[in-house]
Amino acid sequence: MNNTCVSPYQPHAPLLQPVWDYLLRHEELLLSPYLPASVAFLGHVLMCAPFLLMDVMGSRWTSIHRYKISGSREETVCLRLWLSSFLRIFWKYAVYVFPATAVLQRLRTPEMPTMAPTCWQVFWQISSCLFLFDALFYFWHDAMHRVPWLYFQVHRAHHRNTAVFAMIAQDSSASELLSLQTIAICCAVLVGCHPLSEIIFHLLNMWMAVEDHCGYDLPWALHRIVPFFGGAPFHQLHHRRFRGNYAPYFTHWDRLFGTYLEEEETP
Ligand SMILES: [Zn+2]
Ligand SMILES: [Zn+2]
């Protein structure tokens, strides 16, 4: 009998039970106040690595270079640029994000159920979180561009780089980094995520932010697969024009509120 869609609170073990059992055996580590920021920082660096490697290889091989989105090509292959971006992110994590998320994690003390979620529950919980995060980010991002004080105090740091490369996904002010992490956590709480769904949501959210800033229009990228997904070309236009395309992932909010930017014609 296929038991992948049963309730996690029924005696039939869901498909993800072995994965969840493994994580529960490391519950102390899972509930560590230092884990969220450590995973967010290391995960970001690891997820950026393939794109930075492509930037290096793309400067030699046209088979890679042809996927680069037009504009800001050569300046993305700059070790000094990467290092300064890495150090800024490291500094903000060490001084602000690490202690703040540790306090938040201590205050949250999420419940750890013995049963894993079903695949269906993981799917709808993550989808709900992504749609909710996308909506909240849209209005927050739009406000940061409309209100000069918010732009200069919170968001300007993210637009410091004229070149768009994977690393700048988290190259933002400490207040922006913390606000986005708080929004992501609130989404998981509002949706009522199982901890396993929440872990996958945060990892997916990180990956999608890196992909938004990678500077490549790859055939297997999410915007080529998922309908109404903006992806790297959509977000790169935001970085180029500063106004419009405020949503991080999907395009419906920008289309609805008239902030959608059409892709530039390639000469
Ligand atoms: Zn950006
Ligand atoms: Zn912006």
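The values are calculated or read from the model by the stated rules, or taken from the named source; none is laboratory data. Just so it is clear, the structure is predicted and the values come from calculations on it, not from any experiment. Cβ placement follows ideal geometry from the backbone for every residue including glycine, while neighbour counts extend to all protein chains displayed. To get the accessible areas, we keep the full protein, side chains included, count just its heavy atoms, and leave off ligands, DNA and RNA. Shrake-Rupley method; radii C 1.70, N 1.55, O 1.52, S 1.80 Å.
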For this session: Would you check if LEU256 is within 30 Å of ASP21 (Cα to Cα), at pLDDT 95 or above and either open to solvent by 60 Å² or more (accessible area, probe 1.4 Å) or within 16 Å of ligand 2 (Cβ to nearest atom) (or both)?
Result: no
For this session: Test each condition in (1) open to solvent by less than 20 Å² (accessible area, probe 1.4 Å); (2) touching a residue at least 24 places away in the same chain (Cβ under 8 Å); (3) not in a loop (DSSP other than H, G, I, E, B) for TYR246 and report the one that comes out false.
Result: (3)
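Conditions tested, residue by residue: (1) within 11 Å of ligand 1 (Cβ to nearest atom); (2) of a type in the set (A, V, I, L, M); (3) assigned to a helix (DSSP H, G or I).
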position: VAL154; (1), (2), (3): no, yes, yes
position: CYS193; (1), (2), (3): no, no, no
position: LEU204; (1), (2), (3): no, yes, yes
position: HIS223; (1), (2), (3): no, no, yes
position: GLU263; (1), (2), (3): no, no, no
For this session: Pick out the one residue from PRO148, PRO117 that is away from ligand 1 (no atom under 16 Å from the Cβ) and surrounded by 19 or more Cβ atoms within 10 Å (Cβ to Cβ).
Result: PRO117
For this session: Provide a single number: the residues in the stretch 140-175 that are over 24 Å from TRP82 (Cα atoms) and within 13 Å of ligand 2 (Cβ to nearest atom).
Result: 9
For this session: Just need a number here: residues in the stretch 225-243 that are assigned to a loop (DSSP other than H, G, I, E, B) and buried (at least 22 other Cβ atoms within 10 Å of the Cβ).
Result: 1
Seminar exercise, completed: Requiring at least 3 residues that are more than 19 Å from the chain's Cα centre (by Cα) and aliphatic (A, V, I, L, M), the helices (runs of 4 or more DSSP H) wholly within the stretch 31-137 are 35-58, 79-92, 98-108
Exercise. When ALA135 is evaluated against the numbered criteria (1) in contact (Cβ under 8 Å) with a residue 24 or more places away in the chain; (2) away from ligand 2 (no atom under 15 Å from the Cβ); (3) farther than 21 Å from LEU261 by Cβ, which criterion, by number, is the only one it fails?
Worked result: (3)
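Residues are listed down the side, and each one gets a yes or a no for (1) polar (S, T, N, Q); (2) more than 24 Å from TYR249 (Cα to Cα); (3) surrounded by 15 or more Cβ atoms within 10 Å (Cβ to Cβ):
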| site | (1), (2), (3) |
| --- | --- |
| MET47 | no, no, yes |
| GLY58 | no, yes, yes |
| ARG66 | no, no, no |
| LEU81 | no, yes, yes |
| ARG88 | no, yes, yes |
| PRO113 | no, yes, no |
For this session: Looking only at the stretch 98-111, count how many residues are open to solvent by less than 20 Å² (accessible area, probe 1.4 Å) and under 18 Å from CYS187 (Cβ atoms).
Result: 1
